[in-house]
Amino acid sequence: MTEQTQKLIWESKNGNQRSFEQLIRQHQNYCFRIAFRILLDEDEAKDAVQESLIKLWKNLHKFDYSSKFTTWLYKIVFNSCMDKIKMNKRKANNKLDNHILDNIFDADFSMQNNIENKDMASIINELTNQLDEKQRIVFTLRDFESLSINEIAELMNSTENTVKVNLFYARKNINKKLKKLKVEWGAS
Amino acid sequence: MKCENIEKLIYLNNELNSEEKTVLKSHLAVCRNCRDLFDEYSETSEIINKLSMIDIGLSDQNEIAERVINSINTEPLRYYPPVSLLDRMIQILLAPQVRFVLGSILIVLTGLFIFTSVKDYNSIKDLEQKYNQEIYSAAGLDNLIITQREIFETVSGLYNFVSGEDNYADLSDDVIIIKKSTLNELVKIYFEYGSASLINIEKQEFGNEFSFRDGINKRELELIFKSNEHVLEELEKLEKLNMGN
């Protein structure tokens, strides 16, 4: 945590809204990425982040520096997302949000066959969304958002071992299905 | 190690410790199937890695921040006044760990205080018992009870001897008792043969005190307090000296 962030946290804890605004501007993007990975819907993710940041303002006085600030914040985001999933009684969509999907399709993978790789990317996204919820969340947070195993375990109130088991099955499932698709393409 | 166990190491290859990495490497060197799986997943992993680099951040950086700030402005949230240095210190003192340490120290100090008080009380009781007789006699002004401390104070210039009734708590093994008669004799000698201005003894009504005023010197005081017998010897010497004169 930088000295500036520490200062912003301290001032925000003491009710300084300007510092709090700076603090949330620093972290909102990453919060959104996490929320989006879990909810797979841009608007839902924005709502979840907004709710989380309001919760952060209300509960910042409870932050006692015993854990990393980001882990503490992401946990709030994670819990808001879980609440949303429970409240809406829906599992994650099988489709990625269109706006984000466009971004993914437009991304330059700097590989030889761009079209094929874009397809591969969309297929992996598709396969990711077919995973069991826990596997999907662990997989996306670890492989797409580079959170550590320990951080994910903390967010999910789980153990590192459980996280690793979920990660293993997620990666294995994706690889297996991809292999199957490749075989089918080869045959057609 | 069996291939099914190696499979886990392949999929978790970026989470392995050095020992697991060595196991994986040695196995891949001898097992073609596992090597194929490793290569296959490496390709997949590479695409996943590239997917992770795609920016899915917020398109509008102000949207959420502004909504949050507006929301906290309209909601009557808990007010946090600026924290003064004193508040900050109080906060630190109220931290659970600090409270535990301070509480422990307080308990230990209280225990120590009670222990020493009881000990003092017992020693006072012992002294009371030991010197009971002398104290009562002293109160009746038959004797003077003088502790080493008082001698010291006297030598330092207070010139004040306490008969013991009020100060018996100070009695120690160094206590010396001088009979009033002895003292009177001593004083008489001083009046007659010493410098009359050196000593003036009077009984003060309120405290059974004898006070020496004016210029009695250290040696003279030492003579008085060394012991009764010694005092008597000195008195005899003084008397002989006087008779000689």
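The values are calculated or read from the model by the stated rules, or taken from the named source; none is laboratory data. Note that this is a predicted model, so its numbers are computed, not measured. Note that we place each Cβ from the backbone using ideal geometry, even for glycine, and neighbour counts take in every protein chain shown.
Within the stretch A:11-30, restricting attention to residues that are in contact with a Ser or Thr (Cβ under 8 Å, 6 or more places away or on another chain) and free of Cβ contacts under 8 Å to residues at least 24 places away in the same chain, the residue that is farthest from the other protein chains (Cβ to nearest Cβ) is A:Ser19. For the stretch A:166-183, a residue qualifies if it is within 21 Å of the chain's Cα centre (by Cα) and either among the small types (Gly, Ala, Ser) or at the interface with chain B (Cβ under 9 Å from one of its Cβ atoms) (or both), and the qualifying residues are A:Leu167, A:Phe168, A:Tyr169, A:Ala170, A:Arg171, A:Lys172, A:Ile174, A:Asn175. When restricted to residues that are farther than 13 Å from A:Leu56 by Cα and hydroxyl-bearing (Ser, Thr, Tyr), the stretch A:1-18 contains 2. For the stretch A:31-51, the set of residues classified as within 8 Å of chain B (Cβ to nearest Cβ) and of a type outside the set (Lys, Arg) consists of A:Phe32, A:Phe36, A:Val49, A:Gln50, listed by residue number. Just to be sure before I move on: is A:Asn129 modelled with pLDDT under 85 and within 14 Å of chain B (Cβ to nearest Cβ) in the structure I sent? So A:Asn129 fits the description; yes.
Residues are listed down the side, and each one gets a yes or a no for (1) closer than 21 Å to A:Lys13 by Cα; (2) in contact with a strand residue (DSSP E or B) (Cβ under 6 Å, 6 or more places away or on another chain); (3) modelled with pLDDT of 60 or more; (4) of a type outside the set (Gly, Ala, Ser):
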position	(1), (2), (3), (4)
A:Asp47	no, no, yes, yes
A:Phe63	yes, no, yes, yes
A:Thr70	yes, no, yes, yes
A:Leu73	yes, no, yes, yes
A:His99	no, no, no, yes
A:Lys134	no, no, yes, yes
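When the stretch A:129-188 is filtered for residues that are of a type in the set (S, T, N, Q), touching a residue at least 40 places away in the same chain (Cβ under 8 Å) and within 22 Å of B:Ile56 (Cα to Cα), the ones remaining, listed by number, are A:Asn129, A:Gln130, A:Thr140.
In the stretch A:52-75, of all residues being buried (at least 22 other Cβ atoms within 10 Å of the Cβ) and among the aliphatic types (A, V, I, L, M), the one that is nearest to the other protein chains (Cβ to nearest Cβ) corresponds to A:Leu53. In the stretch B:41-53, the residues that are facing chain A (nearest Cβ under 7 Å) reach residues that are at pLDDT below 85 and not in a helix (DSSP H, G or I) with C-beta atoms within less than 6 angstrom, at least six apart or across chains, in these pairs: B:Lys50/A:Phe109.
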